[in-house]
1. Report the semi-axes of the equivalent ellipsoid for the range 100-255 in whole Å, largest first, where each axis is √(5λ) for an eigenvalue λ of the Cα gyration tensor.
2. How big is the convex hull of the Cα atoms of the chain, per residue, in Å³?
3. With the calculation restricted to Cα positions, what are the radius of gyration and Dmax of the range 139-196 in angstrom?
4. Do you know the relative contact order of the chain, to the nearest whole percent, from alpha carbon pairs under 8 angstrom that are 6+ apart?
5. What span do the alpha-carbon atoms of the range 90-129 cover on each of the three principal axes, reported in whole Å from largest to smallest?
6. With all distinct Cα pairs included, what does the Kirkwood hydrodynamic radius of the range 94-175 come out to in Å, to one decimal, could you say?
7. At q = 0.18 Å⁻¹, what is the base-10 log of I(q)/I(0) for the range 222-314 according to the Debye formula with one equal point scatterer per Cα and no solvent? Please give it to two decimals.
8. How high is the relative contact order of the range 139-196? Use alpha-carbon pairs under 8 Å, at least six apart in sequence, and give a whole percent.
């Protein structure tokens with residue numbers, strides 16, 4: 001079926017409508033690529049406010065291990081969607097989408113620029129294209145599946161997901177407890193596989209003009225940066241942070257307890273905590289962080305709206321200049 005071509009007048013009208021859309025900057029990139037410092041520099045130059053697109057920074061107290069913006073940084077620039085819930089709440093992408101849309105409206109009303117910052121590919125994609133299809137959660141079914149996971153183990157439910165929806169199961173791992181439960185819940189409620197639901201992709205229906213950038217270091221430089229940051233987090237008291245969060249119920253929150261670093265720290269705290277255990281924890285923390293960065297590269301390669309900027313080729317100041325010039329002058 002052929003798509004009808006727009007007349008010259010219709011095309012002109014469409015361009016004018018696009019120009020009237022409020023622009024939103026989106027800064028993505030792998031962990032340890034410098035997104036936070038760049039976003040603050042951009043916000044200071046544009047009169048911007050940062051909207052976090054991180055699935056773990058929403059939790060109060062999960063500060064060091066998530067590299068959350070510091071109080072000093074937040075004093076310089078307003079930040080949104082940080083510390084919005086405690087560990088008793090299971091935050092999800094639908095809640096994030098609604099909260100982010102509300103933040104956009106508030107920021108635009110103040111005539112400021114929303115600047116989305118984050119490395120959670122699924123959250124960023126949802127912002128750009130809208131929340132995924134699927135029935136709303138039903139507490140009784142969710143509770144039943146959570147009980148099954150507790151009684152039978154994650155492996156059994158993941159194998160069930162692999163049996164019924166191998167396509168979707170291949171996109172997650174056995175560690176993604178929350179996603180496994182949600183997938184089984186969707187299939188129970190809809191009698192359809194998760195992979196049967198279409199992936200949202202209608203950017204033209206969005207209310208904003210998103211300018212999307214992916215900043216990165218090449219892996220030979222990024223991986224040492226990641227390892228150095230892991231060491232710095234431990235020196236800053238990361239293990240003490242996890243001990244405090246454990247008392248607040250971290251283990252009961254499946255998504256938060258599986259977050260990079262936190263899962264490895266919880267396993268260490270369960271161990272005899274010998275020097276060998278500590279060395280194992282540090283090695284596993286760094287390995288998990290590197291693997292997460294690799295997954296971020298893979299995800300954003302499949303996001304066509306993002307233009308990539310190599311931090312090895314550009315100084316932080318030049319990165320800022322390139323993005324500002326495009327934001328202020330370039331019309332697609």
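1. On the way: eigenvalues 177, 141, 63 Å².
The three semi-axes for the range 100-255 are 30, 27, 18 Å.
2. 162 Å³
3. Both quantities, over Cα of the range 139-196: 10.3, 29 Å.
4. 25 percent
5. That gives 30, 18, 17 Å along the principal axes, largest extent first.
6. One over the average 1/r among Cα pairs gives 15.7 Å for the range 94-175.
7. Evaluating at q = 0.18 Å⁻¹ gives log10 I(q)/I(0) of -0.88.
8. 35 percent
We did not get these values from a lab; they are worked out from the coordinates using the rules stated. Fair warning: this is a prediction, and the values are worked out from it, not measured in the lab. Glycine also receives a Cβ, built like all others from the backbone with ideal geometry; neighbour counts cover every protein chain displayed.
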